[in-house]
Amino acid sequence: MGDTRAVAGHTVLLAGATSAAGVAVAAALAGAGARVLAVGSDAGRLERVRAAAPDASVYVCDLADFTAVTALAATVHAEHGPIDALVHLVGGWRGGGGLDGQTDEDWDFLHERVIGTLRNTTRAFNADLLASLAGRLAIVSSVSVTAPTPGGANYASAKAAAETWTRAVGHGFAKSGNTAAAVIFAVRALDGLESRLAAEVVALWDSPADALNNTRRILTP
């Protein structure tokens, strides 16, 4: 506990913080001395973050709505100043039924949650990450991007789009200097890997940005 890790003192915004992974990451960051800003769509579920990280600041926001996200950014800036990191944990699974079972409804859900929320949050906070002396962007993707199946085509395609967007952000970081990094964590399933993910997020500040930027790290049990 305390200011013993490189992440200490940095302000980290968790998008989609109310999942089991979000709670684990919030607790690990707080324990390492970071200032945690937890964002979710449900105030009741955000109380789980408070229980794990009592000093965290929590915000209710529809991250699929860019107007709401820009308002969130204004509130965060007024209350905390610019952030140093964005950890995007918004996700969700829809799939099955082979290629014929890849419905428009499932695609719309995945597109909104997986890529839409990432686009909105990175656009709203990109200037913060570029200005930080240790800016970090991290997302959680899927190994299915490199081995997609017909029944998971919608899901893998949405995750592939999120990875492409993240790499684009990373290229912007590289052009602007060597202080910010974008990192992709890929998993087969996140259940059971929450603590591992939390440790990896905390460790993002233990290496220089140019060694991390646009890397893809597969997390296994």
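The values are calculated or read from the model by the stated rules, or taken from the named source; none is laboratory data. All figures in this text were calculated on a predicted structure; none of them were measured in a lab. As a convention, Cβ positions derive from the backbone with ideal geometry for all residues, glycine included, and neighbour counts pool all protein chains shown. All accessible areas refer to the heavy atoms of the entire protein, side chains included, with ligands and DNA or RNA removed. Shrake-Rupley method; radii C 1.70, N 1.55, O 1.52, S 1.80 Å.
Some notes on this structure:
- Among residues of the stretch 20-38, those that are of a type in the set (Gly, Ala, Ser) and open to solvent by less than 10 Å² (accessible area, probe 1.4 Å), counted: 5
- A residue that is open to solvent by 40 Å² or more (accessible area, probe 1.4 Å) and either farther than 29 Å from residue 82 by Cα or in contact (Cβ under 8 Å) with a residue 12 or more places away in the chain (or both) cannot be found anywhere in the stretch 134-145.
- Among the residues of the stretch 69-99, the ones that are open to solvent by 60 Å² or more (accessible area, probe 1.4 Å) and under 18 Å from residue 115 (Cβ atoms) come to 2 in all.
- Flag for residue 92 being on the phi > 0 side of the Ramachandran plot, assigned to a loop (DSSP other than H, G, I, E, B) and in contact with a helix residue (DSSP H, G or I) (Cβ under 8 Å, 6 or more places away or on another chain): yes
- Residues of the stretch 33-50 include none that is within 17 Å of the chain's Cα centre (by Cα), small (Gly, Ala, Ser), part of a helix (DSSP H, G or I) and at pLDDT 95 or above.
- From 72, 99, 46, residue being over 22 Å from residue 209 (Cα atoms) and touching a Cys at 6+ places or on another chain (Cβ under 6 Å): 72
- Within the option set 128, 100, 55, being part of a loop (DSSP other than H, G, I, E, B), farther than 22 Å from residue 190 by Cα and not hydrophobic (A, V, I, L, M, F, W, C) holds for one residue only, 55.
- Taking every residue in the stretch 158-184 that is more than 21 Å from residue 205 (Cβ to Cβ) and pairing it with any residue that is of a type in the set (Gly, Ala, Ser), at least 6 positions away or on another chain, the pairs with Cβ-Cβ distances below 7 Å are 159/141; 159/142; 159/144; 162/141; 163/141.
Condition check ((1) among the hydroxyl-bearing types (Ser, Thr, Tyr); (2) in contact (Cβ under 8 Å) with a residue 24 or more places away in the chain; (3) in a helix (DSSP H, G or I); (4) under 24 Å from residue 31 (Cα atoms)) across all residues:
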| site | (1), (2), (3), (4) |
| --- | --- |
| 69 | no, yes, yes, no |
| 75 | yes, no, yes, no |
| 96 | no, yes, no, no |
| 117 | yes, yes, yes, no |
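- Condition met for residue 56 (in contact with a helix residue (DSSP H, G or I) (Cβ under 7 Å, 6 or more places away or on another chain), open to solvent by less than 30 Å² (accessible area, probe 1.4 Å) and not acidic (Asp, Glu)): yes
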